[in-house]
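Visitor: Below is a structure I'd like to ask you about.
The values are calculated or read from the model by the stated rules, or taken from the named source; none is laboratory data. Just so you know, these numbers come straight off a predicted model, no measurement behind them. Every residue, glycine as well, gets a Cβ built from its backbone with ideal geometry; the counts of neighbours run over all protein chains shown. These area figures cover heavy atoms from the full protein model, side chains too; ligands, DNA and RNA do not enter into them. Shrake-Rupley method; radii C 1.70, N 1.55, O 1.52, S 1.80 Å.
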Amino acid sequence: FHVWEHYNDKLNRYYQIKEKLILWQDREARLEIAFDITEGTRQRKQLVSALSTESFIAQCARTLYENDDLASAMSEVLSMLGSQCSAERTRIFELLGTPLEVAVGEDNVAMKLAGREIRCTYEWLHPEKAGTELGNPFANLPMEAFREWLPLFRRHRPVIINSPDELEDRQSAIR
């Protein structure tokens, strides 16, 4: 048997094909048997992706650990992250000011926003985008604009902004 794999994009399925030339009714014919291997293939791809991600995270952690200069280490990690994600820019914003007070009620989370500021503390820009710096996209936005993010910040979770358009939409909605 000759064995090969095939992806059928109409069915969105992966198949393992086994084929062999046989003699059928006094004529040469090709016998093909297809096995649906979609689940196994997807699991294998997920595992490869997870291992790649784990390796990337370890590389970032090693960079931070081995570098005595935090600004330099953060710049390198943001560069690695930007390259990994094919991003134009990567930034780290910090929530600064007095400690965040959170009161959790049954319906919502009430937060004290006075005295808080969001500031871009580290940034990496793809070399091809040099000269296109946006400045602080959070400038002139009230802290109220970020109310939904504060519970994430409180739990040390990230907020990922996929496009500057999201910030412009937020800015328009607040004003």
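Visitor: Using 0.36 nm per residue, how much length does the chain from SER52 to PHE35 gain when fully extended, once their Cα-Cα distance is taken away? Don't skip to the answer; put the middle values down first.
Guide: Details: separation 17, 0.36 × 17 = 6.12 nm, distance 2.80 nm.
Computed gain between SER52 and PHE35 is 3.3 nm.
Visitor: While we're on this one: When the chain is fully extended, how far beyond the present Cα-Cα distance does TRP4 get from SER75, taking 0.36 nm per residue of separation?
Guide: Gain on extension, TRP4 to SER75, equals 21.1 nm.
Visitor: So what does PHE1 come to for accessible area, using a 1.4 Å probe and Å² rounded to 10?
Guide: Surface accessible to solvent at PHE1 totals approximately 140 Å².
Visitor: For ILE17 paired with GLN43, estimate the spin-label separation in nm (one decimal), with each label point 7 Å from Cα along the Cα-to-Cβ line.
Guide: Between ILE17 and GLN43, the label points sit 2.5 nm apart.
Visitor: Give me Rg over Rh for region 16-89, both radii from the alpha carbons and Rh done the Kirkwood way, two decimal places.
Guide: Radius of gyration relative to Kirkwood radius: 1.46.
Visitor: Figure the gain on full extension for TRP24 and ALA87 (residue separation times 0.36 nm, minus the Cα-Cα span) and round it to one decimal in nm. Show your work: numbers first, answer last.
Guide: Numbers: separation 63, 0.36 × 63 = 22.68 nm, distance 5.70 nm.
Here the answer is 17.0 nm.
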